[in-house]
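These notes are about the structure you will find just below.
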Amino acid sequence: IDEKIGLQHCVVVLTADHGAAPLPERIQATGRDLAAGRVKGADVDRHVYAALDARFGAPVGGERWAARDGTGYHLNPAVLAQKQLADATVEDALRSALLTYPAIATAYTRNRLLDPAPLDGLGEAMRLSFYPPRSPDVFFVLKPYFIDRVPTGTTHGQPYDYDNHVPMAWFGLGIAPGRRVERVGVDDIAPTLAGLLGVPRPPQALGRQLF
């Protein structure tokens with residue numbers, strides 16, 4: 001690009017789609033009074049299924065209450081029919097069980113995410129990722145510094161600063177040297193590029209033009 005076009009005619013934007021969670025072992029090694037750890041999905045499964053068994057009776061025929069998908073659960077329609085239970089009833093019971101698991105901060109049901117009534121900050125973030133045809137019926141959010149990756153390494157996908165704060169660096173034509181200290185987001189990139197190029201902003205762009 002430098003040879004054929006010249007960087008003086010270009011704009012370069014550097015960013016990332018996510019951050020990364022710090023290693024729980026590193027948090028623990030600092031000696032700080034911060035809870036941190038790794039969560040085994042199978043342990044969460046046993047916890048919630050035992051709670052559902054205690055409340056409604058264990059499913060028969062080798063069926064399970066739900067299938068876990070990352071930090072969400074898809075209810076098993078065969079068990080709902082077997083127990084003659086409404087989706088919302090089991091969603092609420094599963095959510096209640098999740099909230100008693102030590103490493104889980106909060107949880108949201110499909111019915112609550114579909115309800116247009118406002119949610120708390122974490123709930124609204126979850127709602128942005130919710131796609132009714134394919135998303136799970138119950139989502140849960142781990143507490144800060146807990147991750148669902150075992151036995152080693154880190155991960156992403158949680159709504160905390162270390163995970164959703166990313167760099168944004170601009171260089172090139174029309175970019176004045178300086179540092180922006182106010183809140184900006186990656187959704188501001190498309191409107192800003194459109195403004196620099198002198199073209200209409202994308203119709204679904206929700207961000208703002210930074211300069």
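The values are calculated or read from the model by the stated rules, or taken from the named source; none is laboratory data. Nothing here was measured: the structure is a model prediction, and the numbers come from that model. Here the Cβ positions follow ideal geometry from the backbone for every residue, glycine too, while neighbour counts run over all protein chains shown. Each accessible area value is taken on the protein alone, full model and side chains, heavy atoms only, with ligands, DNA and RNA left out. Shrake-Rupley method; radii C 1.70, N 1.55, O 1.52, S 1.80 Å.
Things to note:
- Only one entry in 80, 98, 114 is over 17 Å from residue 44 (Cβ atoms), surrounded by 14 or more Cβ atoms within 10 Å (Cβ to Cβ) and either touching a strand residue (DSSP E or B) at 6+ places or on another chain (Cβ under 9 Å) or not small (Gly, Ala, Ser) (or both), namely 80.
- Residue within segment 182-197 that is farther than 25 Å from residue 106 by Cβ, free of Cβ contacts under 8 Å to residues at least 40 places away in the same chain, in a loop (DSSP other than H, G, I, E, B) and acidic (Asp, Glu) present: yes
- Residue count for segment 179-211, restricted to those that are open to solvent by less than 100 Å² (accessible area, probe 1.4 Å) and either closer than 21 Å to residue 163 by Cα or at pLDDT below 90 (or both): 9
- Considering segment 163-178, and only residues there that are small (Gly, Ala, Ser) and assigned to a loop (DSSP other than H, G, I, E, B), the residue that is least open to solvent (accessible area, probe 1.4 Å) turns out to be 174.
- Residue 59 being in contact with a helix residue (DSSP H, G or I) (Cβ under 9 Å, 6 or more places away or on another chain), surrounded by 12 or more Cβ atoms within 10 Å (Cβ to Cβ), free of Cβ contacts under 8 Å to residues at least 60 places away in the same chain and not charged (D, E, K, R): yes
- Pairs where the first residue, in segment 116-145, is under 13 Å from residue 163 (Cβ atoms) and the second is among the charged types (D, E, K, R), C-beta under 7 Å, 6+ apart: 142/148
- Only one of the numbered conditions (1) among the aliphatic types (A, V, I, L, M); (2) in contact (Cβ under 8 Å) with a residue 40 or more places away in the chain; (3) under 21 Å from residue 161 (Cβ atoms) is not met by residue 29, and that is (2).
- Among (1) more than 30 Å from residue 188 (Cα to Cα); (2) surrounded by 14 or more Cβ atoms within 10 Å (Cβ to Cβ) - the single one residue 71 does not satisfy: (1)
- Residue within segment 34-54 that is exposed (fewer than 14 other Cβ atoms within 10 Å of the Cβ), over 13 Å from residue 97 (Cα atoms) and more than 21 Å from the chain's Cα centre (by Cα) present: yes
- When residues of segment 117-151 are limited to those that are of a type in the set (A, V, I, L, M) and assigned to a loop (DSSP other than H, G, I, E, B), the one most open to solvent (accessible area, probe 1.4 Å): 150
- Residues in segment 1-33 that are open to solvent by 40 Å² or more (accessible area, probe 1.4 Å) and among the small types (Gly, Ala, Ser): 20, 29, 31.
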